[in-house]
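**Q** I'd like to ask some things about the structure below.
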Amino acid sequence: MVQDFIGDLVKSIITLLVVIDPIASVPIIIALTGKMEKKQRTSVSNVTIVTVAILLFVFAFIGSTILST
């Protein structure tokens, strides 16, 4: 249970870092996922890519509406 929480926390932090500044967060992501197995790193990467893509599309299409209210 604690390991699941820590894994979810790492995934959330990585996703947040990628959204904030993708280029500068690469070394941090490598450090956070360095000790993970390849399957876990792939999972974290996939979750991050999907989350970032959804956020980009949402704000690209309705971002000005959301921010103007």
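**Q** For SER43, indicate whether it is under 16 Å from the mean Cα position of the chain (by Cα), part of a helix (DSSP H, G or I) and of a type in the set (Gly, Ala, Ser). Before you say what the answer is, go through the steps one by one.
**A** On the way: under 16 Å from the mean Cα position of the chain (by Cα): yes; part of a helix (DSSP H, G or I): yes; of a type in the set (Gly, Ala, Ser): yes.
The answer is yes for SER43.
**Q** Right, ASP4: assigned to a helix (DSSP H, G or I) and within 12 Å of the chain's Cα centre (by Cα) or not?
**A** Numbers: assigned to a helix (DSSP H, G or I): yes; within 12 Å of the chain's Cα centre (by Cα): no.
Taking the combined requirement at face value, the residue does not satisfy it.
**Q** Identify, please: which residue in region 1-48 is within 24 Å of ALA60 (Cα to Cα) and among the small types (Gly, Ala, Ser) and is, among those, modelled with the lowest pLDDT?
**A** Looking at residues that are within 24 Å of ALA60 (Cα to Cα) and among the small types (Gly, Ala, Ser), I get SER25.
**Q** While we're here: Is it the case that some residue within region 51-60 is surrounded by 10 or more Cβ atoms within 10 Å (Cβ to Cβ), β-branched (Val, Ile, Thr) and at pLDDT below 80?
**A** Looking for residues that are surrounded by 10 or more Cβ atoms within 10 Å (Cβ to Cβ), β-branched (Val, Ile, Thr) and at pLDDT below 80, one finds at least one in region 51-60, hence yes.
**Q** Only one residue in ILE23, ILE13 is part of a helix (DSSP H, G or I) and among the β-branched types (Val, Ile, Thr), so which one is that?
**A** ILE13
The values are calculated or read from the model by the stated rules, or taken from the named source; none is laboratory data. Quantities reported herein were computed from a predicted structural model and do not represent experimental measurements. Neighbour counts run over all protein chains shown; Cβ positions are idealised from the backbone, glycine included.
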